[in-house]
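Okay, structure first, notes after.
The values are calculated or read from the model by the stated rules, or taken from the named source; none is laboratory data. Owing to the predicted nature of the structure, the values given are computational and were not obtained by experimental measurement. Cβ sites come from the backbone with ideal geometry, for glycine too, and all protein chains shown count toward neighbours.
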């Protein structure tokens, strides 16, 4: 009887271990060979920016490293010393997922952008070719999902300590086209998975904490935690999101103007103030979006996943005008990257891999458009770039 009971327990334990092993192997295969993702975590909690990259994270294709997060948390193959080497021009490239260099999630196709195909990689190469005799770094400090207010925290807590000469802001899709008057810019930021679990501890939170620890070692739990965080963000967006359902152009524009001043525009001006205080040059960019590309220029692949967003189309001239006003007031250049994307020379050429993310060709078009602007700013100027807030600021 006792031996029979032990045999049953042993059999159950064997099945349990076998099942867990199969799930783990299946998860590792799915992440590595279907999604082509690493089984390790890419993000971790940050006290100021909500989340940040895990230093040392890599995604590979065989022996080739397609994506590398260096020891500083930047998407860059080499580490960046905080003390800038003599004769070095240091430029930070900030933004969200399009600047970072990835594709969106379903229903769009999964496309991987190589380390050499991002906007910053193209721009660094072009600048060093165009300005021989100087060592120019263009450092990708963009993080998926980031909004402008997170750039503020990043600048204050880390980036300004690297003594940058310039910061390029590559933004738009994540927070510029807001039109929900109930949306609170920072309070309703959707990627705050840990906030309710820390503010309102519960027994269920123990499982979440354990799952987070296990995700450091298990591909299955890494997938589960990623799914949990995405589900949490979707639920947050269903409750209140920065973009309301489209009614008509007039309503969209009116609602946008009611909130934009105290949201992303305020954050942009805060960033410009911080940079001018430290004599750091700045470039504002409005990132290209598929819905803003001329239909006649689209490649067949772009037509296949084109999603008509009437809010973005209605707000594009308004947002461009707001950014132009800010750029003029703070004496910084603004580059609307939708313009080169609508150049007839790119007819039939795929530049975007979904609604706003770029392939290597799109990244190169952006870099070519930025090149003359950055070159001009890097030339010695007789005007002292150190400035206080311009007259009439406070948009």
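Quick notes on this one:
- Region 59-81, subset in a strand (DSSP E or B) and modelled with pLDDT under 95, residue nearest to residue 112 (Cα to Cα): 66
- Filter result for the condition that a residue is in contact with a helix residue (DSSP H, G or I) (Cβ under 7 Å, 6 or more places away or on another chain), assigned by TED's automatic domain parsing to the domain that holds residue 292, at pLDDT 95 or above and assigned to a helix (DSSP H, G or I), over 366, 356: 366
- Every residue from region 1-30 that is assigned to a helix (DSSP H, G or I) and at pLDDT below 75: 2, 3
- For region 215-228, a tally of residues being surrounded by fewer than 18 Cβ atoms within 10 Å (Cβ to Cβ) and either touching a residue at least 12 places away in the same chain (Cβ under 8 Å) or not in a helix (DSSP H, G or I) (or both) returns 4.
- Qualifying residue in region 43-56 (condition: assigned to a strand (DSSP E or B) and in the same structural domain as residue 356 (by TED's automatic domain parsing)): no
- Scanning region 44-60 for residues that are free of Cβ contacts under 8 Å to residues at least 60 places away in the same chain and either surrounded by 12 or more Cβ atoms within 10 Å (Cβ to Cβ) or in contact with a strand residue (DSSP E or B) (Cβ under 7 Å, 6 or more places away or on another chain) (or both) returns 44, 46, 54, 55, 56, 57, 58, 59, 60.
- Any chance residue 374 is in contact with a helix residue (DSSP H, G or I) (Cβ under 8 Å, 6 or more places away or on another chain), in a strand (DSSP E or B) and at pLDDT 95 or above: no
- For the criterion of being part of a helix (DSSP H, G or I), out of contact with any strand residue (DSSP E or B) (no Cβ under 7 Å at 6 or more places or on another chain) and assigned by TED's automatic domain parsing to the domain that holds residue 106, residue 260 passes.
- Subset of region 223-243 (residues that are touching a helix residue (DSSP H, G or I) at 6+ places or on another chain (Cβ under 7 Å) and under 26 Å from residue 38 (Cβ atoms)): 223, 224, 225
- Taken together, 266, 216, 303, 293 contain a single residue that is in contact with a helix residue (DSSP H, G or I) (Cβ under 9 Å, 6 or more places away or on another chain) and modelled with pLDDT under 90, which is 216.
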